[in-house]
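Report on the structure given below.
The values are calculated or read from the model by the stated rules, or taken from the named source; none is laboratory data. None of these values were measured; they are calculated from a predicted model. When we count neighbours, we look across all protein chains shown, and the Cβ atoms used for this are built from the backbone with ideal geometry, even at glycine. Heads up: the accessible areas ignore ligands, DNA and RNA and are worked out on the full protein's heavy atoms, side chains in. Shrake-Rupley method; radii C 1.70, N 1.55, O 1.52, S 1.80 Å.
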Amino acid sequence: MRYSTIFLLGFAFFLPSAATLADSTGAVRIFTVPGNAELSVDGERKGNSPATAEETFLINLAPGEHRISAAKQGFDPVERTVMVAAGTEQTIKLDLAPEIVMISIPGGCFMMGSPETEPERDPDEGPQHKVCIQPFELAKYETTFDDWDACVTDGACVRKPSDEGWGRGKRPIINVSWNDMQDFIRWINRISGPGYRLPFEAEWEYAARAGTTTSFSTGDCISTDQANYDGTFDYARCGAHTGVNLDKTVEVGSYAPNPWGLYDIHGNANELTQDCWNDGYDGAPNDGSAWLEGNCARRVVRGGSWRGYVGDTRSAYRCRSAPAFAHRSLGFRLAKTTIP
């Protein structure tokens with residue numbers, strides 16, 4: 001064992017060298033999402049994590065089990081137990097932000113739009129055309145108030161939208177515009193890694209259909225037991241008229257998912273996509289990419305909402321919204337490019 005020698009008033013003291021200390025402890029690198037969180041080890045405050053995930057908080061700990069925790073105002077605290085061995089180094093992530101659960105959507109081809117025989121079809125849903133989609137990821141749930149409020153707390157999202165008195169938490173975020181959503185997307189890419197974005201319109205319909213060719217992913221009809229829409233109306237006399245109208249959003253995941261595991265694809269909150277508006281599919285891309293030509297002063301909206309007529313929740317139904325327009329029926333879900 002190597003020692004450093006310090007002479008003081010004629011006495012010699014033998015202290016372990018830096019190399020010896022490194023050999024007898026284990027290094028733990030810590031980063032948090034979001035950054036700048038208070039870090040504690042075994043209940044003792046040690047400092048703040050760096051502001052970004054590109055940097056880590058380095059601490060040397062004695063071998064054994066340690067409790068490492070992170071806390072930040074406006075977020076739920078998180079704690080993790082780690083085992084430290086002498087002479088080793090490990091990096092841990094403490095995630096205070098709400099988890100964005102993504103579903104892997106397989107690549108494939110489908111017929112986008114509605115056939116002319118579909119009840120209550122709008123002309124902008126045609127002509128039907130074959131589109132081939134590359135694999136990508138789509139959020140299991142619509143983005144929630146919990147997700148959005150974390151972005152606001154971290155200083156990345158400016159708008160503090162009203163929940164209309166219905167409650168925040170796991171309800172879908174509403175009263176935000178397409179422009180506001182870009183703040184959230186920049187933030188989630190910064191703290192969780194690149195690739196997050198709004199879904200392209202073709203991706204959205206492909207995932208919503210989940211291999212079906214019917215008006216809804218539930219078949220040629222839908223019920224208020226399956227989705228949150230205004231059930232005081234019917235659709236093609238199929239039985240969608242149940243008389244149930246909640247007149248507000250509900251927590252995401254309150255109904256069964258579609259065949260690919262996506263919740264609230266029909267109803268609850270309208271979902272904005274990346275694409276510019278066009279009055280039909282003549283000239284539309286057939287590779288599943290975003291259509292960024294046409295009327296880009298309007299962006300495509302999909303899925304229908306709690307206040308919507310049942311026909312507006314069809315897989316092929318589409319409407320539009322100005323990028324700066326926010327409304328109590330408008331929300332979104334994230335997509336992510338699959339990185340090979």
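At-a-glance table
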quantity: Neighbourhood charge, 11 Å Cβ-Cβ cut-off, centred on Ala71 and excluding it, Lys, Arg +1 and Asp, Glu -1; calculated: -1
quantity: Projected label distance in nm at Thr242 and Arg80, using a 7 Å step from Cα toward the beta-carbon; calculated: 4.1 nm
quantity: Charge dipole magnitude, Cβ of K and R +1, D and E -1 - the chain, Cα centre, debye nearest 20; calculated: 780 debye
quantity: Beta bridges per DSSP with both ends in the chain, % antiparallel, nearest 5; calculated: 80 percent
quantity: Rounded to whole Hz, the Karplus (6.51, -1.76, 1.60) HN-Hα couplings of the stretch 92-97, x for glycine and proline; calculated: 10, 10, 10, 9, 8, 6
quantity: Built amide H within the under 5 Å cut-off of Ile105, gap 5+; calculated: Phe136, Glu137, Leu138
quantity: Amide hydrogen neighbours beyond the local backbone of Thr144, cut-off 5 Å, H modeled; calculated: Ile173
quantity: In Hz, Karplus ³J(HN,Hα) per residue of the stretch 98-114 (6.51, -1.76, 1.60; θ = phi - 60°; x = Gly, Pro); calculated: x, 6, 9, 7, 10, 9, 6, 9, x, x, x, 10, 8, 8, 8, x, 10
quantity: Relative contact order (%) - criterion: Cα under 8 Å, at least six apart; region: the chain; calculated: 17 percent
quantity: FRET efficiency for His327 and Ser24, using Cβ-Cβ distance with R0 set to 51 Å, rounded to 0.05; calculated: 0.25
quantity: Heavy-atom accessible area order for Arg333, Arg328, Arg197, largest first, 1.4 Å probe; calculated: Arg328, Arg197, Arg333
quantity: Tensor-based shape of the stretch 145-218 (alpha-carbon gyration tensor, a/c under 1.5 rounded, otherwise prolate or oblate); calculated: oblate
quantity: Cα gyration tensor of the chain - equivalent ellipsoid semi-axes, whole Å, descending; calculated: 51, 20, 17
quantity: For Ser215, net neighbour charge (Lys/Arg +1, Asp/Glu -1) across residues whose Cβ lies under 15 Å away; calculated: -3
quantity: Rough spin-label spacing in nm, given labels placed 7 Å along Cα→Cβ, for Gln90 and Asp287; calculated: 4.4 nm
quantity: Neighbourhood charge, 12 Å Cβ-Cβ cut-off, centred on Cys132 and excluding it, Lys, Arg +1 and Asp, Glu -1; calculated: -1
quantity: Tilt relative to the chain, helix 178-192 - C-alpha long axis, 0 to 90 degrees, to 10; calculated: 30 degrees
quantity: Global geometry of the stretch 100-249, whether rounded, prolate or oblate, following the gyration tensor of its Cα atoms and the 1.5 cut on a/c; calculated: oblate
quantity: Estimated 222 nm signal from helices in the chain, with DSSP H stretches of n ≥ 4 weighted -39500 (n - 2.57), rounded to 500; calculated: -3500 deg cm²/dmol
quantity: Per the chain, cysteines lacking a partner by the 4.7 Å Cβ criterion; calculated: Cys319
quantity: Three-way shape label, the stretch 55-179, alpha-carbon gyration tensor, a/c 1.5; calculated: oblate
quantity: Mean projection area, nm², convex hull over Cα of the stretch 203-276; calculated: 5.4 nm²
quantity: Filter on Lys46/Lys170; Lys160/Lys248; Lys93/Lys160 - keep pairs with C-alpha separation over 22 Å; calculated: Lys46/Lys170; Lys93/Lys160
